[in-house]
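Student: Sharing a structure, written as structure tokens. Questions coming.
The values are calculated or read from the model by the stated rules, or taken from the named source; none is laboratory data. Small disclaimer: the values here were computed from a predicted structure and weren't measured. Here the Cβ is made from the backbone with ideal geometry for all residues, glycine too, and neighbour counts use every protein chain on show. Accessible surface is based on the protein model in full, side chains and every heavy atom, while ligands, DNA and RNA are left aside. Shrake-Rupley method; radii C 1.70, N 1.55, O 1.52, S 1.80 Å.
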Amino acid sequence: MNTFPEGFLWGGAIAANQAEGAWNVDGKGMSVADVARFKPSISVEDYKSQWHVSLEDIAIAKETDDVVYYPKRRGIDFFHRYKEDIALFAEMGFKVLRVSIAWTRIFPNGNEAEPNQKGMDYYRDLLETLRAHNIEPLVTLSHYEMPLYLVENYDGWVSREVVGFFTKFSETVFREYKDLVTYWLSFNEIDSVFRHPFTTVGVIEEKYADKKAAEEAIYQALHHQFVASAQATKLLREIIPGAQMGAMLTKTMTYAETCDPDEVLMAQKANRDNHFYADVQIFGEYPKHVLNYFEENGFQIAWTDEDLQLLKDYTVDFLSFSYYMSMVVSKNAAQREKVGGNLMTGVKNPYLNTSEWGWQVDPVGLRISLIDLYDTYRIPLFVVENGIGSTDMLTADGTVEDDYRIAYFRDHFEQMNLAIKDGVELMGYTSWGCIDIVSASTSQMTKRYGFIYVDADDLGNGTYNRFKKKSFHWYKDVIETNGASL
Ligand code: BG6
């Protein structure tokens, strides 16, 4: 039985810093993504160093215009080719495209008095192009691309002043694009702050006396993002009545290795910790277990009564999330084989296959996640990232026979269909990297997620021409039939 509701928002997702390139064009300032180096071969145990950037790395990056080893500076040249790309998305029948607005195109350092007009014009044209193709934009305000200037001069989000700068950025884009955008997300994967603090909140951990001090600083930065998100939601309600703000979580579904209650408790803790971020944005307050944790550790997070009231008054309208894999926890983790992920490592699940990058592929886990999230929060859900990274081969006749990708999507869509049947309210689905883009964690180009192949290699060589993969035609059918063709 096909249960996808009428008007289901099928589409795809990208982020400015992984797609646009043009890192220093038309007044754009440097963002944290522009200092991220190409890091293709990181071990499973060491996933965190994929994302790591030190003060020295920043200093070196600022001295060079290199775009070979800083691949996000070149992206896939979406900045110049977005019309062609959007036409291809429209050909697939996309109802929605998730994009982000690079803060540094609008406010190059993040704190200018006036916005950069060229940046404003760029996004206006991009959003109007989407509308002309009847594609609904879903806009992320902050997707791992905060201004580098704010990291260097304000300690990133640890500084309260950054809330004010972000509020100004949000207000500026809400006013500018109020006739064009209905669906907004504040912070991409807001729970990633501990997994890669530099990219998310601009925290350089080694600047702090020890691990605990860095952890406290990250919680402070996170609190500021919660407040900034609520503040943006408040402004959104005033400026664009009827618009909707979503929270965005990395859904890191965790299973216990056995039915040993101690392990079940470990898994419950992992899932609860994952949900904490959604709890604040949906219930409007910090859960007691987190407050207890702060107290036990002597963390003094600076907040005001007004902050807490704002969190309470301006909760989100829907919950969006990324879903790539599930994880396993075990009391005997040290003796177990490990698997990777862009964000974490865990124990290998013997019932699941892994992607070429070692991510555990678990479509049923998506159904479980959807049910869990819906039963907990009872607000509409939106899958805004999902997909499989693979090395694709372009054939002589200009396509990619990516049956493995089709199988991945089919399996996940079937589970979404079943979750809807289970009573879950699902607004839509945007596959990650619907056109090949630069990887967030390793900055590889050859880790491809798209329905559209981009002729560029890891070092940026290639024509950058676009080619339709086999999955392009398959996804088109899925959208055309609203899932009935599965
Ligand atoms: C998510 C991010 O965590 O995972 C995306 O929001 C990212 O930006 C995606 O691209 C896939 O990860 P990666 O490292 O394979 O690009």
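Student: Within the set 39/62; 212/338; 251/470, which residue pairs have Cα atoms separated by over 20 Å?
Tutor: 212/338; 251/470, as the Cα separations exceed 20 Å there.
Student: Another question, if that's okay. Using 7 Å Cα-to-Cβ label points, what is the residue 172/residue 207 separation (nm, one decimal)?
Tutor: About 2.2 nm separates the two model spin labels.
Student: Taking H as built 1.01 Å from N, whose amide H comes closer than 5 Å to the amide H of residue 346, not counting residues under 5 places away?
Tutor: Here 339 satisfy the definition.
Student: In addition: I'd like the carbon and sulfur percentage of the solvent accessible area for the stretch 9-480, probe radius 1.4 Å, heavy atoms only, ligands and nucleic acids excluded.
Tutor: After summing per-atom areas, the C and S share lands at 50 percent.
Student: Related question: Between residue 3 and residue 378, what FRET efficiency follows from the Cβ-Cβ distance if R0 is 22 Å, with the result rounded to 0.05?
Tutor: 0.75
Student: How much net charge surrounds residue 235 when only other residues with a Cβ under 12 Å from its Cβ are counted (Lys, Arg +1; Asp, Glu -1)?
Tutor: Local charge sum for residue 235: +3.
Student: Positive end of the dipole of the stretch 9-480, charges at C-beta (+1 Lys, Arg; -1 Asp, Glu), about the Cα centre: which of 303, 461, 264 has its Cα farthest in that direction?
Tutor: Value: 461.
Student: Could you name the lysines whose alpha carbon sits less than 24 Å from that of residue 469, not counting residues in the same chain fewer than 8 places away?
Tutor: Qualifying lysines at Cα under 24 Å: 72, 83, 95, 447.
Student: Just from its helices, what would the mean residue ellipticity at 222 nm be for the chain, if runs of 4 or more DSSP H residues each count -39500 (n - 2.57) and the sum is divided by every residue, rounded to the nearest 500 deg cm²/dmol?
Tutor: -12500 deg cm²/dmol
Student: Now, a different point. In debye, nearest 20, what is the charge dipole magnitude of the stretch 9-480 about its Cα centre with +1 on Lys and Arg Cβ and -1 on Asp and Glu Cβ, if you could check?
Tutor: So the dipole magnitude of the stretch 9-480 works out to roughly 540 debye.
Student: Put +1 on the Cβ of every Lys and Arg and -1 on every Asp and Glu Cβ in the stretch 9-480; which of 146, 101, 194 then has its Cα farthest towards the positive end of the dipole?
Tutor: 101
Student: Nothing charged except the Cβ atoms of Lys and Arg (+1) and of Asp and Glu (-1): what's the magnitude of the dipole of the stretch 238-281 about its Cα centre? Round to the nearest 20 debye.
Tutor: Taking the Cα centre of the stretch 238-281 as origin, the dipole is about 200 debye.
Student: Continuing with the same structure: In the stretch 272-392, what percentage of the DSSP-assigned beta bridges are antiparallel, given to the nearest 5?
Tutor: Here the share of antiparallel DSSP bridges comes out near 50 percent.
Student: Now, a different point. Before I look further, what does the chain give for accessible area per residue, probe 1.4 Å, in whole square angstrom?
Tutor: 38 Å²
Student: Indicate the gyration tensor shape class of the stretch 212-279 (rounded, prolate or oblate), computed on the Cα atoms with a ≥ b ≥ c the square roots of the eigenvalues: a/c under 1.5 is rounded; otherwise a/b larger than b/c is prolate and the rest oblate.
Tutor: oblate
Student: Please report, in cubic angstrom per residue, the volume enclosed by the convex hull of the alpha-carbon atoms of the stretch 134-239.
Tutor: 94 Å³
Student: Then there is this: At 1.4 Å probe size, with no ligands or nucleic acids counted, give the accessible surface of residue 165 in Å², nearest ten.
Tutor: Taking all protein chains as shown, residue 165 has close to 40 Å².
Student: In terms of the Cα gyration tensor, with a ≥ b ≥ c the square roots of its eigenvalues, is the stretch 42-182 rounded because a/c is under 1.5, prolate because a/b exceeds b/c, or oblate?
Tutor: In terms of gyration-tensor shape, oblate.
Student: So, one more: Excluding residue 468 itself, calculate the net charge of residues whose Cβ lies under 14 Å from the Cβ of residue 468, where each Lys or Arg counts +1 and each Asp or Glu counts -1.
Tutor: Taking every other residue near residue 468 into account, the sum is -4.
Student: For the stretch 9-480, build the charge dipole from Cβ charges (+1 Lys, Arg; -1 Asp, Glu) around the Cα centre, then report which of 319, 61, 449 sits farthest towards its positive end.
Tutor: 449
Student: Follow-up. Which shape class, rounded, prolate or oblate, goes with the stretch 9-480 when its Cα gyration tensor gives a ≥ b ≥ c as root eigenvalues, a/c under 1.5 marks rounded, and past that a/b bigger than b/c marks prolate?
Tutor: Since a/c stays below 1.5, the shape of the stretch 9-480 is classed as rounded.
Student: Out of all DSSP beta bridges in the chain, what portion is antiparallel? Express it as a percent rounded to 5.
Tutor: 20 percent
Student: Separate question: Please compute the net charge surrounding residue 366, taking Lys and Arg as +1 and Asp and Glu as -1 over other residues with Cβ under 13 Å from its Cβ.
Tutor: -3
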